[in-house]
1. Spin-label point model (7 Å from Cα, Cβ direction): what's the Lys99 to His358 distance in nm?
2. In Å², what does the accessible area per residue of the range 276-407 work out to with a 1.4 Å probe?
3. What are the extents of the Cα atoms of the chain along their three principal axes, listed from largest to smallest and rounded to whole Å?
4. Work out the FRET efficiency for Val295 and Asp8 from their Cβ-Cβ distance, taking R0 = 25 Å, and round it to the nearest 0.05.
5. Per the helix-only calculation at 222 nm, which mean residue ellipticity applies to the chain, given -39500 (n - 2.57) for every DSSP H run of n ≥ 4 and division by its residues, nearest 500 deg cm²/dmol?
6. Mind putting a number on the dipole of the chain about its Cα centre? Charges go on the C-beta only, +1 for Lys and Arg and -1 for Asp and Glu, and I need it in Debye to the nearest 20.
7. Write down the percent of antiparallel bridges among all DSSP beta bridges whose residues are both part of the chain, to the nearest 5.
8. For the range 317-454, compute Rg over Rh where Rg is the Cα radius of gyration and Rh is the Kirkwood radius from the inverse mean 1/r over Cα pairs.
Amino acid sequence: MVSVIDTDLLALQEMRTAVKSANAAQKVYMKFSQDQVDQVVKAVANAAFAESARLGVMAVEETGMGVAEHKKIKNEVGSRDVYESIKNLKTVGIVGEDKANKVIEIAAPFGTIAGIIPTTNPTSTAFFKTLIALKTRNAIVVSPHPYAVKCTQEALRVCEEAAVTAGAPRGLVQCLTMSSMEATQQLMKHPDINLILATGGGALVKAAYSSGKPAYGVGPGNVPVYIERTAKIEKAIENIVNSKSFDYGTICATEQSIVVDRNVAELVTRALKKNGAYILSDEEKQVMEKVISPVPGKVNPKIVGKSPQAIADLAGISLPIDTRIIVGLETKVGKEVPFSLEKLSPIFAMYVATDINHAKELCLSLLELGGMGHSLSLHTETDEVAREFAIEMPVSRILVNTMSSVGAVGGTTGLMPSMTLGCGTFGGNITSDNVTAKHLLNIKRMAYGIKEVNLTSPKVFKNKINNSPDDVTDQVVESVLQSLGSSDKVNPKIVKDLVSEIVNKLSK
């Protein structure tokens, strides 16, 4: 008789063992000093940075998505840039003191964190989440995407070995190697998991929020880019094409639709062609629509992170070898309009706006379709226009005159380097920040009394708890007679008898 191994049960057991090991290691690690923690984090960041190129190649080979050289850059941002942004952050003991108000802040770790990693950024996100967890004395258990298990596991192995060599207890960094949705679901509900860092599809993020645990999740990023008429067109298009072709559009903050002022539409079209854009004919666009979204409202996973040439082959369209992005002219926005969706590939929709108000309407429609709270890109030389959009648009990041994809994660801007971009309540998230180490800390506050409060005593009978019923009755009678002002017309005995009767009834 041949026994059948239940892989789901094995995956669940692996998950439980990983959480147990991480939890035990975290109990030791939480006693580390700030210097000890910083040594561990620096060692992990250096090791991850050194392996950025190798793991970039590994990620592309396993997932079939993106560009290895670009994965390398993302790995470097997820290691070196993240480290530089958090290295001076105090995360142990007293981290703040307001001497004037006599309030002291003390940092405490969350405990053990569940990290959910996407297939689009499997190694850079693993580096990033590990670094911010270790910086805050937390352990992390990672559930990789089923299509990126090997590269994510290897990225975490690099982190774990570096941490242990720097003195950290073994077991702080764990990776689930058996692909199982049930194991991931149970990981998020495990009693020893204290927080969930969820980066992935909408269903997975919703599951994280439904787990009963505190969770940081992110929404989709159907990012519009508006080219206002005062923009430096050549530079703007260079940035936009570079951003859209970067890792074949797999960063959620990548521009998805161009909205261009009609006064510069022709200049933009010429600049796009000059920078390697292929603008589809009406007939080619109709064919491409079926490739982008065979089912209304759903993007074809076969196009995600693929080259323009590979996508064109699916549509039976021949592209010049130097084509970097594909552009389809569009006028409508909606689930049934494939070009208006978040495509996570080097495919653009392009809309022509009659004026700035029309541009706002188009951008808002695109965001409402699938990008509320995430990001908006803008190219303009008029600061008033940029501020106007920043105030009015329901997004957490407004990227001005830069590559949206790299700018949103902190690569070309002053934003905090992060691979988890909050969308605020616009997009159903708890934060609109670029999530980083400070979001993984409990801050305790010790406050000394500095103000006096005068409390007036309430008017009460002069009885004590131990007084007899007769004493209570006498006090009530005395109080009633005093309130009448005179006892000439009132017989005290009658009042006492009446009060005694009431007290006796209430005491039964």
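The values are calculated or read from the model by the stated rules, or taken from the named source; none is laboratory data. These numbers were taken from a predicted model, which means no experiment stands behind them. Quick reminder, even Gly has a Cβ in these numbers, built from the backbone with ideal geometry, and neighbours come from all protein chains shown. Surface accessibility is based on the protein's heavy atoms, side chains included, excluding ligands, DNA and RNA. Shrake-Rupley method; radii C 1.70, N 1.55, O 1.52, S 1.80 Å.
1. Reported label-point gap for Lys99 and His358 is 6.2 nm.
2. Numbers: 5610 Å² over 132 residues.
That works out to 43 Å² per residue.
3. 114, 64, 60
4. Values: r = 28 Å, r/R0 = 1.13.
Computed FRET efficiency for Val295 and Asp8 comes out at 0.35.
5. Values: 18 runs with 216 residues, N = 508.
After summing the helix terms and dividing by the residues of the chain, the value is -13000 deg cm²/dmol.
6. Details: 55 positive and 53 negative charges, 265 e Å.
Using Cβ point charges on Lys, Arg, Asp and Glu, the chain gives about 1280 debye.
7. On the way: 14 of 54 bridges.
Bridges in the chain are about 25 percent antiparallel.
8. Values: Rg = 20.0 Å, Rh = 17.8 Å.
In the range 317-454, Rg relative to Rh is 1.12.
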